[in-house]
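Engineer: Pasting a structure below so you can have a look.
The values are calculated or read from the model by the stated rules, or taken from the named source; none is laboratory data. In this text the structure is predicted, and so the values were computed from the model without any measurement. Methodologically, a virtual Cβ is constructed for each residue, glycine included, from the backbone with ideal geometry; neighbour enumeration extends over all protein chains shown. What goes into the accessible areas is simple: the full protein's heavy atoms, side chains included, and nothing from ligands, DNA or RNA. Shrake-Rupley method; radii C 1.70, N 1.55, O 1.52, S 1.80 Å.
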Amino acid sequence: MIVTTSGVWVLDEFQPVAAVLDPDTGALRRLVSWAQLPPPSPGEDVVVCADGDGLWIQHARLGPLVRVDLDGISTTAWTDGLVLSAAGAGSAWCTSPLPRAEMVHGAEAEAEPAVFPSGAVVARVARVDRDGRVQKVFTDAPVSAVLTSEEALWVQLDVAPWSLLNHDPQTHEVVWSSRWFPLAWSGDLPDRVDAAGGQSEQPAAAATSLGGEGRWYGYFYDPEADLDRDSEQVVVSKGEAGAGLVWRVGWEASGEDEPAQGSIAAAFETTAITDAQGSVEALQVFQLGVEGIRAVAAVGEHLLVVTNGVPPAGESARIEDLHRREFLAPCVVVLRAGVEQVQVWLASNDVDISDLCWPLLPRPLDADSYAQQVLARWQRMDRFWPGRDGWHPLVYGLSGSRARLVGDWPGTQVEFTFDYASRPGVRLRRSIALFDEVGAFASREHADIKLAYDLDNERLPPVEDARDGYLDV
């Protein structure tokens, strides 16, 4: 979910489609598609940045970059292997892939910097304008980060000297010194910048929110924590209309060291974010149910939440309706401080995007081999962790597990059923899709660990939700 001057963009989790909503009423302004852009390969990250009234989107490092407005794709560009890193003021910025954290080991560890010939090109930065013009700037040091201000994109280069940040006695992270230089949002750019000409002080600029300000990664809700504007738990409205409120979101824990009980959104006065010392009392706290929050964005003085719970027919419903599993389908609801009712702006099952999606790809030649190997892994969940006294299950309390393949391509799933100590009398069932919506291999990374997390944290429905002896989790 991304807020722009053209509306609130609610993106489908997989398909190249967005519903653009009126930020005041929630009315559907437009369904926008960019299906001409090929789908990402399995495991590839999709990067999305807003530039004011549109979105810049890149589905793969080697794939094209496109700008999308209310009429669809308006700009396309070849990035020559550069990745989308920021956008704003009508342009997008692409950089060489940012380096991963450099770790070294041992009590006497030292960094081993790459050695480049004098004058060598080490990294590149490119600005892509709305008219399709691409300008590249070459650097003599690796690009490690970018920040944005109204005047420029600030690029951080890694330079010597370096220091070591200790994670433990034998593990250290290499921390390089930095040089920063600005690149203008418009006009001609220099062909090259050298680290020696940059400033050492970090500029007063902000990091770009890749994927949109609406993405939410999940945190525990701590009512005692300070309201920090830079925290990802705090959602600040953009523009003067939202000057009166800030929001904090997170998972609620029922007590110390106890599992999360549900997701929370709380409204605070804006003055609390700057004037308060220590904890601040919320104006209102909304309980959003164990199914949780998918995305959040502040618009004016209300908070938009993409959640799994769809209330009964009608424009509004009580908060507790979001807990009822018969209403589980993604929807956009709006929360307003002082109002108990939850207004539904958009329910996914009320919007037909079938004509805007990618077509089905040919069936992979190795689909059967892939499915059998995934199945074999799930058939070993009773013997997942090796120990001195033998093998242990995925989590304590899991037993009697079985796995089987259900359905034909592209709807093939692994159906995993098991007994679990905290839900006696029923079998728990987790279904794992093996193929995505275009028939390619679905990303299943950490699907088993995700199940373990849900079990360990009791993110499970009540036994009463079981149907025919099975409780879907």
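Engineer: Quick test for you: out of S369, S401, S354, pick the one residue that is touching a helix residue (DSSP H, G or I) at 6+ places or on another chain (Cβ under 8 Å) and among the small types (G, A, S). Break it down stepwise before answering.
Structural biologist: On the way: S369 fails: touching a helix residue (DSSP H, G or I) at 6+ places or on another chain (Cβ under 8 Å); S354 fails: touching a helix residue (DSSP H, G or I) at 6+ places or on another chain (Cβ under 8 Å).
Step by step, each of S369, S401, S354 is checked, and only S401 is touching a helix residue (DSSP H, G or I) at 6+ places or on another chain (Cβ under 8 Å) and among the small types (G, A, S).
Engineer: Can you tell me which of (1) at pLDDT below 95; (2) of a type in the set (S, T, N, Q); (3) touching a strand residue (DSSP E or B) at 6+ places or on another chain (Cβ under 7 Å) is the one Q413 doesn't meet?
Structural biologist: Every condition holds for Q413 apart from (1).
Engineer: Something else about it: Just for the stretch 330-370: of the residues that are assigned to a loop (DSSP other than H, G, I, E, B) and β-branched (V, I, T), which one is modelled with the highest pLDDT? Write out each step before concluding.
Structural biologist: Within the stretch 330-370, the subset assigned to a loop (DSSP other than H, G, I, E, B) is 337-341, 351-353, 357-366.
Next, only the ones that are β-branched (V, I, T) stay: 339, 351, 353.
Details: V339: 79, V351: 88, I353: 93.
Filtering the stretch 330-370 for residues that are assigned to a loop (DSSP other than H, G, I, E, B) and β-branched (V, I, T), the one modelled with the highest pLDDT comes out as I353.
Engineer: For the subset of the stretch 345-371 comprising residues that are free of Cβ contacts under 8 Å to residues at least 40 places away in the same chain and touching a strand residue (DSSP E or B) at 6+ places or on another chain (Cβ under 8 Å), which member is farthest from G407 (Cα to Cα)? Give the steps one after another, and end with the answer.
Structural biologist: Let us first name the residues in the stretch 345-371 that are free of Cβ contacts under 8 Å to residues at least 40 places away in the same chain, namely 347-350, 352, 354-355, 365-366, 368-369.
Still in the list and also touching a strand residue (DSSP E or B) at 6+ places or on another chain (Cβ under 8 Å): 347-349.
Values: A347: 27, S348: 24, N349: 23 Å.
Filtering first and then ranking leaves A347.
Engineer: Could you grab me the full set of residues in the stretch 327-346 that are touching a helix residue (DSSP H, G or I) at 6+ places or on another chain (Cβ under 9 Å) and of a type in the set (G, A, S)?
Structural biologist: Across the stretch 327-346, the qualifying residue is only A329.
Engineer: In addition: Mind checking which residues of the stretch 43-85 are at pLDDT below 95 and among the basic types (K, R)?
Structural biologist: Residue satisfying the conditions is R61 alone.
Engineer: Okay, next question. Of all residues being among the β-branched types (V, I, T) and more than 25 Å from L37 (Cβ to Cβ) in the stretch 399-446, which is most open to solvent (accessible area, probe 1.4 Å)? Just the residue, please. Let's see the steps before the verdict.
Structural biologist: First pass over the stretch 399-446, keeping only residues among the β-branched types (V, I, T): 406, 412, 414, 417, 426, 432, 438.
Still in the list and also more than 25 Å from L37 (Cβ to Cβ): 406, 412, 414, 417, 426, 432.
On the way: V406: 50, T412: 13, V414: 0, T417: 12, V426: 19, I432: 17 Å².
That would be V406.
Engineer: Of the residues V66, V8, which is over 28 Å from G300 (Cβ atoms) and open to solvent by less than 10 Å² (accessible area, probe 1.4 Å)? So that I can check it myself, show each step before the final result.
Structural biologist: On the way: V8 fails: over 28 Å from G300 (Cβ atoms).
Answer to the selection: V66.
Engineer: For the stretch 298-324, enumerate the residues that are modelled with pLDDT under 75, buried (at least 16 other Cβ atoms within 10 Å of the Cβ) and assigned to a strand (DSSP E or B).
Structural biologist: Correct list: N308, G309, A317.
Engineer: Looking only at strands (runs of 3 or more DSSP E) that lie completely in the stretch 16-110, which have at least 1 residues being under 26 Å from Q156 (Cβ atoms)? Please lay out each step first, then the result.
Structural biologist: Working: elements: 17-21, 28-33, 47-50, 55-58, 65-69, 72-77, 83-88, 91-95, 103-105.
Fully inside the stretch 16-110 and qualifying: 47-50, 55-58, 65-69, 72-77, 83-88, 91-95, 103-105.
Engineer: Continuing with the same structure: Looking at V83, is it within 28 Å of D194 (Cβ to Cβ), among the aliphatic types (A, V, I, L, M) and more than 23 Å from the chain's Cα centre (by Cα)?
Structural biologist: Working: within 28 Å of D194 (Cβ to Cβ): yes; among the aliphatic types (A, V, I, L, M): yes; more than 23 Å from the chain's Cα centre (by Cα): no.
Against the criterion (within 28 Å of D194 (Cβ to Cβ), among the aliphatic types (A, V, I, L, M) and more than 23 Å from the chain's Cα centre (by Cα)), V83 does not qualify.
Engineer: Assess whether I449 counts as being open to solvent by 40 Å² or more (accessible area, probe 1.4 Å) and of a type in the set (V, I, T). Steps first, answer last, please.
Structural biologist: Details: open to solvent by 40 Å² or more (accessible area, probe 1.4 Å): yes; of a type in the set (V, I, T): yes.
Yes; evaluated as a whole, the condition is true for this residue.
Engineer: Out of the stretch 175-205, which residues are surrounded by fewer than 13 Cβ atoms within 10 Å (Cβ to Cβ) and within 29 Å of the chain's Cα centre (by Cα)?
Structural biologist: Q202, A204
Engineer: Same structure, new question: Determine which single condition F327 fails, assuming it passes every other condition in (1) of a type outside the set (S, T, Y); (2) open to solvent by less than 50 Å² (accessible area, probe 1.4 Å); (3) at pLDDT 85 or above.
Structural biologist: Only one criterion is unmet by F327, namely (3).
Engineer: Next question. Take the stretch 20-59 and flag every residue that is in contact with a strand residue (DSSP E or B) (Cβ under 6 Å, 6 or more places away or on another chain), open to solvent by 10 Å² or more (accessible area, probe 1.4 Å) and of a type in the set (G, A, S).
Structural biologist: S33, A50
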